[in-house]
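Working notes for the structure below.
The values are calculated or read from the model by the stated rules, or taken from the named source; none is laboratory data. Quick caveat, the model's predicted, so the values are computed rather than measured. As a convention, Cβ positions derive from the backbone with ideal geometry for all residues, glycine included, and neighbour counts pool all protein chains shown.
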Amino acid sequence: MARKSRKSAVSNEKPIFIGVGTVKIESAELEFQRWLSRSQLKVEKLTPAQGVDAMLDFYRYERPSVDLGEGGDMLLYQWGTYDWGEGEAFELNITRQFISPETEEEEGDECIWQLGLTFKFTPERIKGASNQWCTSPEKLEDFRKSIYDSEPLKILGNEKPNSVSLEYEQAG
């Protein structure tokens, strides 16, 4: 696996390592599960803090061959209380979104794939909803700090959720 290391502009920061073309978009779910397995983690046993860390590290080190300038590989952190037909639940989610270069000529969401890790809790725990995007590996550490400063991760980060799911699907 090829990796590049570059020093951050601030001297006391650790180097940012960026892999080169290691994730295949069509097998991102399987590759993420392998990533977890190498750390002796299982999706169904994750706490939100473990899941967020795993997804952020997977984003940092396992890079696809996509155009970052066109939003080809981004992260989304989102949370809120929702009812998708099974009753209300508070959801904390971290999603990695790929735009497949092989299908960029297609219109709409047909070329967008999302690998989402969702943690569900009882709805009374936290009120409100929010989301935030990370658009490039260079912005990852600020994104990580923002997630760890968020109320949901402060309160629920190390708690066992009611359920955990990993889904990989085409957006739209």
>> Residues that are surrounded by 11 or more Cβ atoms within 10 Å (Cβ to Cβ), free of Cβ contacts under 8 Å to residues at least 40 places away in the same chain and closer than 16 Å to GLY72 by Cα: does the range 134-142 have at least one?
In response: yes
>> Suppose we filter LEU56, LEU36 for residues that are more than 20 Å from ILE99 (Cα to Cα) and either at pLDDT 95 or above or touching an Asp or Glu at 6+ places or on another chain (Cβ under 9 Å) (or both); which single one remains?
In response: LEU36
> Pick from the range 124-171 the residues that are within 17 Å of the chain's Cα centre (by Cα) and of a type in the set (Val, Ile, Thr): which of them is nearest to ILE25 (Cα to Cα)?
Replying inline: THR135
> Filtering the range 8-22 down to residues that are in contact with a strand residue (DSSP E or B) (Cβ under 8 Å, 6 or more places away or on another chain) and part of a loop (DSSP other than H, G, I, E, B), which residue is modelled with the lowest pLDDT?
Replying inline: SER8
